[in-house]
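Report on the structure given below.
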Amino acid sequence: MQTTSSPCGQVRFWAEFLRGMKTSLPLLIAFIPFGLLLGSQAVQKGFSIVEVPLLTGLNFAGGSEFAAVGLWSIPPAIMLLAGVTFLINSRHILMSATLAPHLRHLPRWKIFLLLFFMCDEIWALTLTDLHDRPGRRLSIGFYAGITVCLYVSWVLFTFMGGYTGNLLGDLTRYGVDMAFPAVFIMLLKGMWKGARNAIPWCVSLGVAVLVYHFIPGAWYVPAGTLAGIITAFLTVRGA
């Protein structure tokens, strides 16, 4: 295996890095309006323009960030915010477990660094790339290229949304709140492996919708996730 310490390894790393950036460009376009929307909502709730990039940079997970901004109060209910953030981000535990077999050859500090920057989009693109190249190890350069592109753009545009603040007004009237659903539809398309493999997706969606309507809070996130995992296990076992 080539390492990035050798000239050949460095060339390969940067080639993979550029490939990752190129792959992430369509998602970056969706990040722009949603980042502006989150930043604008945050300052309207009382965040300073410094606190906005701290929020999005330290907790790189859009869903929990929107939830935190929506629940924000003065003084903040810290336990409520922490609990909701944990529930919404709990899916990352299972997402990282799917990448674990591909990370075992790496030093632990590097694994922690990669997982810190993992979000839904980075995870989906990385997993799709691994499936498209069976037998190949996880490409650190590819992962880094996606991460730099999406992380920097997310922090930058949430900051810009906070900086412009009330000047942008209600961005949802322009339909920018449809950006993330469109992103996830695109990601699902890239991970499509046939109708049988889509059964866990449908079960997960159905359970999440039911829990969302009948149980308050963010319990629909872990409920939908666990339902999908159990269905996938039963589907594979019964195959």
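The values are calculated or read from the model by the stated rules, or taken from the named source; none is laboratory data. Every value quoted in this text rests on a predicted model; they were computed, and no experiment measured them. Glycine gets a Cβ as well: all are built from the backbone with ideal geometry, and neighbour counts include every protein chain shown. Remember, those area values only see protein heavy atoms, side chains included, never the ligands or the DNA or RNA. Shrake-Rupley method; radii C 1.70, N 1.55, O 1.52, S 1.80 Å.
Points worth noting:
- For Ala144, the requirement of being in contact with a helix residue (DSSP H, G or I) (Cβ under 8 Å, 6 or more places away or on another chain), more than 18 Å from Leu28 (Cα to Cα) and not charged (D, E, K, R) is not met.
- Some residue of the range 6-20 being open to solvent by less than 80 Å² (accessible area, probe 1.4 Å), in contact (Cβ under 8 Å) with a residue 24 or more places away in the chain and polar (S, T, N, Q): no
- Residue satisfying condition, being touching a helix residue (DSSP H, G or I) at 6+ places or on another chain (Cβ under 8 Å) and not small (Gly, Ala, Ser), within set Pro7, Pro53: Pro53
- Neighbours by Cβ (under 6 Å, 6+ apart or cross-chain): first from the range 222-234, closer than 15 Å to Ile93 by Cα and without any contact (Cβ under 8 Å) to a residue 40 or more places away in the chain; second among the acidic types (Asp, Glu) and part of a helix (DSSP H, G or I): none
- Within the range 77-96, the set of residues being open to solvent by less than 50 Å² (accessible area, probe 1.4 Å) and not β-branched (Val, Ile, Thr) comprises Ala77, Leu81, Gly83, Leu87, Asn89, Ser90, Arg91, His92, Met95, Ser96.
- Of the residues Ala100, Ala42, Ala68, Ala30, the single one that is within 21 Å of Val221 (Cα to Cα) and open to solvent by less than 60 Å² (accessible area, probe 1.4 Å) is Ala68.
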